[in-house]
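The values are calculated or read from the model by the stated rules, or taken from the named source; none is laboratory data. Just so it is clear, the structure is predicted and the values come from calculations on it, not from any experiment. Note that we place each Cβ from the backbone using ideal geometry, even for glycine, and neighbour counts take in every protein chain shown.
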Amino acid sequence: MLKVEGVDLRYGDMPALWDVSFEVHKGEILVLLGANGAGKSTIIKTLSGILRPSRGSITFNNIRLDTEPAHEVICHGLVHVPEGRRLFPEMTVEENLIMGSMAPEAKKKREETIEWVYSLFPRLRERKNQLANTLSGGEQQMAAVGRGLMGLPKILMLDEPSLGLSPLLARDIFKIIQLVNKRGVTVLLVEQNVKYSLSICDRAYVLENGRIVLSGTGEELARNEHVKEAYLGV
Amino acid sequence: MDPGVKKTAIFALLVLFVSAPLFVKNDYFLHLMILAFMWVVIGSAWNLLAGYTGQVLFGVAAFFGTGAYTSGLLVNHLGWSAWWGLPLGGVTAVILAFPFGWICFRLRGAYFALATLALNEVMRHVATIWESLTDGMAGIMILQTFYAPITTPLGILSSKTPYYFISFVMAALSIACVILVTRSKLGYYLLSIREDQDAAESLGINTRLYKMISLSVTAALSGVAGGFFTNYMGFIDPETVFSLHDISIMAILVGIVGGVGTVYGPAVGAFIMVIVQEMFRTGVFGLLSSLAEGTGSGAIITLEKHISSAHVLMFGILVVLVIRFMPNGVVGDWGKVAALVTPCRRANMRQEAGE
Amino acid sequence: MSFFKVESVVKRFGGLAAVDNVSFEVEKGDIFGLIGPNGSGKTTIFNLISGFIKPDSGSINFKGRRIDGLKTHKICHLGIGRTFQVVKPLKRMTVLDNVMAAAYRRANTKNHARSIAMETVEFCGLGGRADHLSGKLTLGDRKRLEIARALATGPELLLLDETFAGFNPTEVNEAIKLVEKINSSGVTIIIVEHIMKVIMSISGTIHAINFGKTITQGTPADVAAHRGVIEAYLGEPGDAQG
Amino acid sequence: MELLLQTLVSGFLKGGLYALIGIGMTLIMGVMGIINLAHGQLMMVSMYITYSLFALFGVDPYVSLAVSVPAIFILGVAIQKFFLNPLMKIDTILPENQVLMTVGIGMALTEIMRFIFTSDYKSIQTSYSKTTLLMGNISFSLPLLIDFFIAVILTGALFYFLKHTDTGRSIRATAQDRDAAILMGVNAERITSITFGLGAGLVAAAGTMLMPVFYLFPDIGGPFTRKAFVICILGGLGSSVGAIFGGITLGLVEAFGATYIGMEFADMIGLIIFFLVLLVLPGGLKRITGM
């Protein structure tokens, strides 16, 4: 479905990704693992067009994405929920959700999608006229995921959705991710919560220093000694 | 450039500048050189704060004008020689800079720049309104020290020769001052502040103090230049010495045309800008008027009529073009400039890029 | 009197307590680890110590002197150096110039500053790149530069903020050696780290926080076994079926 | 007492126009993060358009709003697109490049106008220019009253646009978090151009509406740029609601200053407020009002 082939990327003169290749299959939950700065977020940013690869290609259903302007990527159904939520702080929850549906296709179905999102997150309906910066951390994350869903994603890319949440809230978010996935949305997840994300994912890739060093199913990686040592601290 | 070649070139230039008045007795040429030297001083001053410390100064005229008025007021109110205005102009400019910097350095980036712009305007208003002190719009007229040709053992020299040497020494000293600063602890600290204020603080650099020092040097140099301006021109008024366009923006242009954050950039920029300014003021040094007379072309006559009043327009367009296409100036973007001028260099550069 | 002491420090941003009543002491010569998940308040603690922000309440003492509320550059002069998690190279300056700007804190002549800087640059393994522009270094070298610069100010206490983030295992091992080398030259170190394994292997004492609050403090083994830490860090696998 | 009320009224009415100028500036500041130092000059150009239409064809100033506002909107879009936007990608020592660029553009606009219209003072004398309405002993200038109402309508329309249309929401979103807006599929470059055009259009409207009661010469742009900035700072940078407060405040302060201190100090007073606000209230009145 989504194919990344031989991607190199530099920040200015500083290389950040080396020869990264991977695939996302339709309907799966795929996890990218790695230490801080290993390049996980960089990959997602490259997919969503904020960063440009210096080499390699990204294709989605046979359409080249790496040459598209960033604001067009979402029109193909690749939706990026950024790290740290990045809600529009001085807009209401509802306005934030509306902002998620700026792509032409999504705009047409705005009314029904917003109802669907409210049914997924009843809490958001309660808070719909509240400014985003007055929400609690968990509510903000719900709003961010909700805003992502407003774009009618074929692939939903989530960057550290459990960041700064208590284990309980994090679990809620993961449940929602699984729920969304069951409704047919492919999920690409970047997480530091290694155990949990490995337990819900179909497949995972491990990144080190801008390179993919390991890949496998969640179970395989959870048993892998290297992963255990490097990321689980066991 | 090879350091040996550079040294020789600088030495040759020094010799050339020092001996020039002995051969060239043309007053107009000397006048342009004097202006250029004065702009070397102002441009270097601006560059120290903006280019080396990263604190962009939109209102250098506040300090320049203060220096100029110090000079004029000393004559008018105390009967001192206007030459006292050089050192004291520097001092009063620093006295102005001190409270200003102390208060306004808490502002960062464009807001600091705007505060300096406002200071520029405030000073102009003060000089205009406070008539009992400054004679307001009427300005201050002083008697110039040198106004007749001077007879020396070397022959009769233009009355501008003393001004020439004084401005030359000022220009040389201000460049020396920048060199000295950049090579010292102060220079390292200023650059650190320019690059990252937080990192600089964490390295034990008192950023506010060093920004103050940088501002003070800038103000002092600009004030001295202002004092010189009064002596040389013999007349100042608020519109001239506190002019946003002709002083503050000109200083920025001198800096960015030459090259921000380079030692010799403002010097190069000063000569370019003075020439460009004069070209407009005089209709390409009278060429247009003679062309108009010769050809009788209506278009050239109209152009000639308007071009002298268009130097501010040209400033505006220059600001736009330089920022857009040569943001690092002639010195900073030397490779780019050279490539434009010489096609074979362009080929070389392409080759290098290919490797 | 302890060498370095943080006492009941609180820092709020708006309604959110970023650091909530945290206290710890560091002995001279120790490597003290500060751990916690992303967003748990580690960097805020560093910013409090180095004077970028001021605590709402509580106190910070260094060698018997209260330092909270002092300006950042004063704190540096008292002997506390720090690195930044998001590296802050002075981009248009060379590696050596970066370090010299720091070395001037304890040098009066240019030559003295240069010799301190050169020595520090070598010590941190950047000798070959002293005249490179710091804006063009690789991430690993930028992190080394951060350390070199902080070291050149001559600190007695060095705060390292996620120095190992983004390194591969080989680089991590080299960096660990560097930290140990710095420590054995007499510098006390507080190290913030996200990767448990690294911090476990070098720290004498570890202080774990989450949501701005202390979870526990103790030896690496104790902390690693602490239930709260495991929860905060790894999250609970929970029922994967949802 | 009457003098006081009279001053209050004239300051308030003028404040309406100032608010329009300030909102224009603040919109640009919000989205681009820069201060547009050519703001007053754009207004000046609009005033010359109005003047020319009146002088050549006898078009009423309020009718020429239909020409001047779109014209300056297009000028604003072009400036943003061709001069400011390309600078974002250039790495230089001076981060204030864009601001400096607007200074250059402002100078160029001023001098081009001087080229065409000379430095002479121009003004428009309409049949209603000097008409005043009396309420008790307080007089209202008719054109200023009309201006005030149009300003209120324009402001209302703008707020509706920002709140209830996708483009308006995109403008606000881009101002609050540019990268996140791009992720939502917002073409930030396009939005930035539109915003610059809108800001320019608003200040153009203010300029056109000032024509019946004000005089015009090329250098009038500079003082108005400064006023626009003072208004924004007073209102809290980037806050449209704040700009209304800022505009009214500046109108009142100027009126009181001129009445009770002296005309020649009016500019000085503006500058002094500028400094005070910059130093004491970096967040502007926003901090006090909480809006």
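Tally the residues that are part of a loop (DSSP other than H, G, I, E, B) and within 9 Å of chain A (Cβ to nearest Cβ), restricting the search to region D:154-201.
Qualifying residue count for the region: 5.
Testing A:GLY146 on (1) crowded, with 24+ Cβ neighbours inside 10 Å; (2) assigned to a helix (DSSP H, G or I); (3) within 12 Å of chain C (Cβ to nearest Cβ); (4) of a type outside the set (A, V, I, L, M), one condition comes back false. Which one is that?
For A:GLY146, the failing item is (3).
Checking A:ASP159 against (1) facing chain C (nearest Cβ under 9 Å); (2) in contact with a Pro (Cβ under 7 Å, 6 or more places away or on another chain); (3) not aliphatic (A, V, I, L, M), which test does it fail?
So the condition that A:ASP159 fails would be (1).
From the list A:LEU189, A:LEU124, A:LEU179, which one is assigned to a strand (DSSP E or B) and either within 13 Å of chain C (Cβ to nearest Cβ) or buried (at least 24 other Cβ atoms within 10 Å of the Cβ) (or both)? Walk me through how you get there before you give the answer.
On the way: A:LEU124 fails: assigned to a strand (DSSP E or B); A:LEU179 fails: assigned to a strand (DSSP E or B).
Testing whether each residue is assigned to a strand (DSSP E or B) and either within 13 Å of chain C (Cβ to nearest Cβ) or buried (at least 24 other Cβ atoms within 10 Å of the Cβ) (or both) leaves just A:LEU189.
Among the residues that make up region D:102-121, is at least one of them within 13 Å of another protein chain (Cβ to nearest Cβ), polar (S, T, N, Q) and under 21 Å from the mean Cα position of the chain (by Cα)?
yes
Restricted to region B:242-282, and to residues that are among the aromatic types (Phe, Trp, Tyr) and in a helix (DSSP H, G or I), which residue is surrounded by the fewest Cβ atoms within 10 Å (Cβ to Cβ)?
Ranking the candidates gives B:PHE280 first.
Could you list, in sequence order, the residues of region D:83-126 that are in contact with a Pro (Cβ under 8 Å, 6 or more places away or on another chain), within 25 Å of D:GLY58 (Cβ to Cβ) and outside any helix (DSSP H, G or I)?
D:SER119, D:ILE124, D:THR126 - these are the residues of region D:83-126 that are in contact with a Pro (Cβ under 8 Å, 6 or more places away or on another chain), within 25 Å of D:GLY58 (Cβ to Cβ) and outside any helix (DSSP H, G or I).
Rundown of residues vs (1) aliphatic (A, V, I, L, M); (2) within 14 Å of chain B (Cβ to nearest Cβ); (3) crowded, with 24+ Cβ neighbours inside 10 Å; (4) within 18 Å of the chain's Cα centre (by Cα), yes/no style:
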position	(1), (2), (3), (4)
C:GLY39	no, no, no, yes
C:THR43	no, yes, no, yes
C:HIS77	no, yes, no, yes
C:THR83	no, yes, yes, yes
C:PRO89	no, yes, no, yes
C:HIS112	no, yes, no, no
C:GLY125	no, no, no, no
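Scanning region B:42-94 for residues that are touching a strand residue (DSSP E or B) at 6+ places or on another chain (Cβ under 8 Å) and surrounded by fewer than 24 Cβ atoms within 10 Å (Cβ to Cβ), which turns out modelled with the highest pLDDT?
Looking at residues that are touching a strand residue (DSSP E or B) at 6+ places or on another chain (Cβ under 8 Å) and surrounded by fewer than 24 Cβ atoms within 10 Å (Cβ to Cβ), I get B:LEU73.
Name the residue that is surrounded by the most Cβ atoms within 10 Å (Cβ to Cβ), counting only residues in region C:99-110 that are more than 8 Å from chain B (Cβ to nearest Cβ) and under 20 Å from B:TYR52 (Cβ atoms).
In this case the residue turns out to be C:VAL99.
Which residue, of D:MET29, D:MET43, D:MET47, is closer than 30 Å to D:GLU96 by Cα, touching a strand residue (DSSP E or B) at 6+ places or on another chain (Cβ under 6 Å), assigned to a helix (DSSP H, G or I) and among the hydrophobic types (A, V, I, L, M, F, W, C)?
D:MET47
Which one is nearest to the chain's Cα centre (by Cα) among residues in region B:193-232 that are assigned to a helix (DSSP H, G or I) and free of Cβ contacts under 8 Å to residues at least 12 places away in the same chain?
Our first condition is that a residue be assigned to a helix (DSSP H, G or I); within region B:193-232, this holds for B:193-195, B:197-202, B:207-232.
In the following step, the residues that additionally are free of Cβ contacts under 8 Å to residues at least 12 places away in the same chain were identified as B:198-202, B:209.
Values: B:ASP198: 31, B:ALA199: 31, B:ALA200: 29, B:GLU201: 31, B:SER202: 34, B:LEU209: 25 Å.
Here the answer is B:LEU209.
Can you tell me which residue within region C:50-66, out of those that are crowded, with 20+ Cβ neighbours inside 10 Å and more than 18 Å from C:PHE211 (Cα to Cα), is nearest to the other protein chains (Cβ to nearest Cβ)?
It comes out as C:SER50.
Could you grab the pairs with beta carbons closer than 9 Å, sequence gap of 6+ or different chains, first residue in region A:103-130 and among the acidic types (Asp, Glu), second one surrounded by 12 or more Cβ atoms within 10 Å (Cβ to Cβ) and part of a helix (DSSP H, G or I)?
A:GLU105/A:CYS75
Working only within region A:23-36, note down all residues that are part of a loop (DSSP other than H, G, I, E, B) and either touching a strand residue (DSSP E or B) at 6+ places or on another chain (Cβ under 6 Å) or surrounded by fewer than 23 Cβ atoms within 10 Å (Cβ to Cβ) (or both).
Here is the first cut: in region A:23-36, the ones part of a loop (DSSP other than H, G, I, E, B) are A:25-28, A:35-36.
Passing the criteria: A:HIS25, A:LYS26, A:GLY27, A:GLU28, A:ASN36.
Being at pLDDT 90 or above and surrounded by fewer than 22 Cβ atoms within 10 Å (Cβ to Cβ) is the filter here; which residues of region D:195-214 pass it?
none
Of the residues that sit in region D:56-101 and are free of Cβ contacts under 8 Å to residues at least 12 places away in the same chain and within 30 Å of D:SER127 (Cα to Cα), which one is farthest from the other protein chains (Cβ to nearest Cβ)?
Among residues in region D:56-101 that are free of Cβ contacts under 8 Å to residues at least 12 places away in the same chain and within 30 Å of D:SER127 (Cα to Cα), the one farthest from the other protein chains (Cβ to nearest Cβ) is D:VAL63.
Would you mind stating whether B:LEU86 is more than 14 Å from every other protein chain (Cβ to nearest Cβ), without any contact (Cβ under 8 Å) to a residue 40 or more places away in the chain and either over 15 Å from B:ILE142 (Cα atoms) or part of a helix (DSSP H, G or I) (or both)?
Judged against the criteria, B:LEU86 is not a match.
Go through region B:130-159 and give me each residue that's farther than 22 Å from B:TRP80 by Cα and either out of contact with any Asp or Glu (no Cβ under 6 Å at 6 or more places or on another chain) or not in a loop (DSSP other than H, G, I, E, B) (or both). Break it down into steps so the answer makes sense when it comes.
Step one: of region B:130-159, the residues farther than 22 Å from B:TRP80 by Cα are B:137, B:149-158.
Those that are farther than 22 Å from B:TRP80 by Cα and either out of contact with any Asp or Glu (no Cβ under 6 Å at 6 or more places or on another chain) or not in a loop (DSSP other than H, G, I, E, B) (or both): B:MET137, B:PRO149, B:ILE150, B:THR151, B:THR152, B:PRO153, B:LEU154, B:GLY155, B:ILE156, B:LEU157.
Tally time: how many residues in region A:51-67 are part of a loop (DSSP other than H, G, I, E, B) and buried (at least 17 other Cβ atoms within 10 Å of the Cβ)?
Selection size over region A:51-67: 4.
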